[in-house]
1. For region 127-192, which fully contained strands (runs of 3 or more DSSP E) count at least 3 residues that are among the polar types (S, T, N, Q)?
2. So which residues in region 24-41 are in contact with an Asp or Glu (Cβ under 8 Å, 6 or more places away or on another chain) and within 20 Å of residue 3 (Cα to Cα), if there are any at all?
3. Counting just the residues of region 161-203 that are among the hydroxyl-bearing types (Ser, Thr, Tyr) and in contact (Cβ under 8 Å) with a residue 12 or more places away in the chain, which one comes out surrounded by the most Cβ atoms within 10 Å (Cβ to Cβ)?
4. Identify, from the list 41, 130, 51, the residue that is modelled with pLDDT under 95, more than 19 Å from the chain's Cα centre (by Cα) and basic (Lys, Arg).
5. Please go through region 142-189 and pick out each residue that is over 20 Å from residue 212 (Cβ atoms) and in contact with a Cys (Cβ under 6 Å, 6 or more places away or on another chain).
6. So residue 139 clears everything in (1) at pLDDT 95 or above; (2) among the small types (Gly, Ala, Ser); (3) surrounded by 14 or more Cβ atoms within 10 Å (Cβ to Cβ) except one condition, right? Which one?
7. Name the residue that is surrounded by the fewest Cβ atoms within 10 Å (Cβ to Cβ), counting only residues in region 92-126 that are polar (S, T, N, Q) and part of a strand (DSSP E or B).
8. Yes or no: residue 221 free of Cβ contacts under 8 Å to residues at least 60 places away in the same chain and open to solvent by less than 10 Å² (accessible area, probe 1.4 Å)?
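The values are calculated or read from the model by the stated rules, or taken from the named source; none is laboratory data. No experiment lies behind these values; they were computed from the predicted model shown. So basically every Cβ, Gly included, is an ideal-geometry build from the backbone, and we count neighbours across all protein chains shown. Calculation scope for accessible area: heavy atoms of the full protein, side chains included, ligands and nucleic acids excluded. Shrake-Rupley method; radii C 1.70, N 1.55, O 1.52, S 1.80 Å.
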Amino acid sequence: MAIRAADAACEVIRRSYGRAIERVDKSDGDFATAADLAAERVIRGVLREARPDDGVVGEEYGADEEAGSRTWLVDPLCGTMNYAVRTQLVAVNIALRAGDDVTAAVSADPFSGEVFWTGGAEAFVRRDGRDEPLVPGPGGDLVDLNLDPPFPNAVSFRAARMLMDDAFTGRFRPRVVSTTLALAWVAAGRRAAYVTDGHLKDSVHFTSGIALCRAAGCVVTNLAGEAVHTGAQGLVAAADPAIHRELIGLVAGRS
């Protein structure tokens, strides 16, 4: 069902790509496009038809008044600025939280046609109707850094400072794609790791990618190397324990 909803949103996003796009102002300089809004409406329609009693929290239309114990977290177009300037680096993110657990998650790439998904225990990528397991790996030592706010740890940590750290750039190759599709790439072995600041619990942006990484066997912690969603918050998602240890040490060195 989540894959079906993501596929429908991807169709909306592809159909609108490259056209004159209406922007809808939000707050603090943020905005949505008509494609964001239409994609979320399509996703909500699929989810509500199949699971009318489930709650939905969406990036554009907010939360249902009564979310209940099963809640869908929806980011219909992650990478809105990329999309608005005709850059094909975006994702459709859908995750199901049941109680305290995320039991299903999808991150879909509208332009490659790939759908990264998990039912909780394993993670896969679907291409042309065929599923292949996600296998983390060194990913050419590419590490994606999220430079977008908010920065709750700004006093002690800023991902942008890592770009000036010779120890980091001498070991890894930094990338900045500005979409959480990069988390799916960590799970798929196309990135060595992903690092971001922020409070990410129940985030419509990050929950699906975190679930994919966990199901694929990545090491996922907060910026201090502790349990994700605790303490210092933020996120380090790494392909394996060795890469994770190195990055936690580098993060500590910038604190």
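1. Passing ranges: none, list empty.
2. 36, 37, 40
3. Restricting attention to region 161-203, the residues satisfying the condition of being among the hydroxyl-bearing types (Ser, Thr, Tyr) are 169, 178-180, 194, 196, 203.
Next, from what is left, pick out any that are in contact (Cβ under 8 Å) with a residue 12 or more places away in the chain: 178-180, 194, 196, 203.
On the way: 178: 19, 179: 28, 180: 28, 194: 31, 196: 24, 203: 21.
Taking the candidates together, the pick is 194.
4. 51
5. Within region 142-189, no residue meets the criteria.
6. Condition not satisfied by residue 139: (1).
7. Filtering region 92-126 down to residues polar (S, T, N, Q) leaves 93, 103, 107, 112, 118.
Subset that is part of a strand (DSSP E or B): 93, 103, 107, 118.
Working: 93: 33, 103: 15, 107: 31, 118: 25.
Residue satisfying both the conditions and the ranking: 103.
8. Details: free of Cβ contacts under 8 Å to residues at least 60 places away in the same chain: yes; open to solvent by less than 10 Å² (accessible area, probe 1.4 Å): no.
Judged against the criteria, residue 221 is not a match.
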